[in-house]
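Here the structure comes first, spelled out in structure tokens, and everything after it is commentary.
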Amino acid sequence: MTTLQSQIARGIAVASSCPSSSIIGRSKLSQGAHSQAWLSGNNTDQWHGSAFSLFAGPAREQSSVQRSTTMTVCATSNGVNGGSTPVDTTISPRVAALKPSKTMAIADAATALVESGVPVIRLAAGEPDFDTPKAIVEAGTKAIQEGFTRYTPNAGTLELRKAICHKLQEENGLSYKPDEILVSNGAKQSIMQAVLAVCSPGDEVIVPAPFWVSYPEMARLADATPVIVQTKVSENFILKPEALSAVLTEKSRVLILCSPSNPTGSVYTLEDLQAIAAIVAKHPRLLVISDEIYEHIMYTPATHHSFAALPGMWERTLTVNGFSKCFAMTGWRLGYLAAPKHFLVACNRIQSQSTSGASSISQKAGVAALALGKAGGEDVVTMVKAFRERRDFLVQRLQAMDGVVLAVPQGAFYLFPDFSAYFGSHADGFGFISDAETLCRFFLEKAKVALVPGDAFGNGGCIRISYAASMEELKTAIESIESVMALLKPASAASLA
């Protein structure tokens, strides 16, 4: 192991050093150990079969059946006679089958590296680098100072739900009543509850790829089967109606759409959505979960269209949105679901027996956010302008790279370039580049830039780059990547040399 690899391994160990008796704590410890193996290139035998490997593919994991039927026993101290008592530490097969989020794992690992002294530029996390707008912060502070710190109704305060109804009507052309709105601890919870509420064991959840990492795992938690439908970079990663039609069966229950998209930044046009709606309308059981969390982070001439606003789609659409991305409120944990009442009641029931309502303080802040003006007002306009400048800068540099294929994103703050031309190449002092995972490891070790391999999003030829970072950081990162890319040649070019 090189000196840098040792530093990186120590940095990841920092992320895993907090003592915890919880499953989450043990998961992070395993992730840290696996990060060390991944970074040193020794991730095949020593860590074979772990459910918590950062970059473990299905072939390197135990099946859920194996994990669930093998009892793990640990000895615990017995205070009565000083002996030990075996404890069955087996976890649920449903949980054992879940894959950890690579984006969270890599972001945590990169943070640990920085804290341990390794100067890594972190372009892995999916959150704005801007502060929450002042008016929102002041509303949250006022809520604390005035004692608005108790439980709220499970579905959210009436004040916030009315404000959300107004926003949906004015900005999205959607008509909802307050009892058709459920406020949750982030849009992720809203999506999870929607999937749990409408899916039965054996149902199928249609997920266009590239996808947000959590969609397939949410389907599995609901005992449903994720059905992945590939899209093409040449078609801007947009789901085509014929591709959707080809996978639909009597088991198809949910189609998940995300526009603007994480990880590609693709935006569905009105015509794209109308073509999909025409297919959906032919299948009575098929519902749509429309993830619109990035709706205000768009670059003209692209425009946002809510799927539920299409003719005949309101009744079968569960619309998810929130405050994290557009208002730079990731840590406030506030999202919401808008849906026909019978679906909403089911989701509300799940929330009442799990987390209960969202933070009272965050809900006051959410009201202030929606009061900033249409599409977030000037604060969001300023943020989007900065994102566009960053996008344009990176697009120009990436398009100049030999062998890199890029669909220019029209929204969100991600790039999803295809680097597969470099798979099969070799770098002196590093080794063989076999896939996106090893290429990301190469960039981390040689360029000190943390990125996410595309297989986490269902496309192993690409890498996700978040440009939610300062222009100075992005310039340093792309210059470092360009520098180390000089050590490589696209595999096709290398074969001709």
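The values are calculated or read from the model by the stated rules, or taken from the named source; none is laboratory data. None of the values given here were measured: they were computed from a predicted structure. Backbone-built Cβ (ideal geometry, glycine too); neighbour counts: all protein chains shown. When the accessible area is computed, the model is the full protein with side chains, heavy atoms only, and any ligands, DNA or RNA have been set aside. Shrake-Rupley method; radii C 1.70, N 1.55, O 1.52, S 1.80 Å.
Paramagnetic label reach from V247 (point 7 Å along Cα→Cβ; backbone nitrogen cut-off under 12 Å): within the stretch 198-235, residues 204-212, 216, 225-232.
Among the GluC sites (Glu not before Pro) found in the stretch 110-219, those both in a DSSP coil and sparsely packed, with 11 or fewer other Cβ atoms within 10 Å of their Cβ, are E146. For the stretch 353-497, the relative contact order is 21 percent, taking Cα pairs closer than 8 Å that sit 6 or more residues apart in sequence and dividing their mean separation by the residue count.
Structure note, pairs K282/K374; K240/K341; K177/K282; K162/K251; K134/K446: Cα-Cα distances above 32 angstrom occur for K282/K374; K162/K251; K134/K446. Near I206, the amide H atoms lying under 5 Å from its own belong to V227, R253, V254, L255, I256; only residues 5 or more places off or on other chains count, and H is placed 1.01 Å from N. What you get for the stretch 134-374, charging only the Cβ of Lys and Arg (+1) and of Asp and Glu (-1), is a dipole of about 520 debye around the Cα centre.
For the set H426, H296, solvent exposure ranked by accessible area (probe 1.4 Å, protein chains only) runs largest to smallest as H426, H296. Couplings 3J(HN,Hα) for the stretch 420-432, derived from phi with the Karplus relation 6.51 cos²θ - 1.76 cosθ + 1.60 (θ = phi - 60°), are 5, 4, 9, 6, x, 8, 10, 10, 4, x, 10, x, 7 Hz, where x marks Gly and Pro. Counting only DSSP beta bridges whose two residues both lie in the stretch 134-374, roughly 30 percent are antiparallel. Sequence-ordered 3J(HN,Hα) estimates for the stretch 271-284 from the Karplus curve with 6.51, -1.76 and 1.60 and θ = phi - 60° stand at 5, 4, 5, 5, 5, 5, 4, 5, 6, 4, 4, 7, 10, x Hz, glycine and proline given as x. Here the stretch 77-228 has 53 percent of its accessible surface on carbon and sulfur atoms, given a 1.4 Å probe and all protein chains in place. Surface calculation, 1.4 Å probe, protein heavy atoms: K374 sits at approximately 150 Å² accessible. With the other protein chains left in place, how much accessible area per residue, in square angstrom, belongs to the stretch 134-374 at a 1.4 angstrom probe? Each residue of the stretch 134-374 exposes 39 Å² on average to a 1.4 Å probe. With the radius of gyration and the Kirkwood radius both derived from the Cα set of the stretch 206-283, what is their ratio Rg to Rh? A ratio of 0.94. Amide H to amide H, with H built 1.01 Å from N, V120 comes under 5 Å of V114, counting only residues 5 or more places away or on other chains.
Pairs of alpha carbons in the stretch 134-374 separated by more than 34 Å make up 13% of all such pairs. Take 463-473, 87-97 and order them by the average number of nearby Cβ atoms within 10 Å per residue, most first; the result is 463-473, 87-97. At full extension, S84 and A281 could sit 64.8 nm farther apart than now, given 0.36 nm per residue minus the alpha carbon distance. Based on Cα contacts under 8 Å between residues 6+ apart, the stretch 134-374 shows a relative contact order of 30 percent.
Rounded to the nearest Hz, the phi-derived 3J(HN,Hα) couplings of the stretch 193-208 under the Karplus curve 6.51 cos²θ - 1.76 cosθ + 1.60 (θ = phi - 60°) are 5, 5, 5, 4, 6, 10, 9, 10, x, x, 5, 10, 10, 7, 10, x, where x marks glycine and proline.
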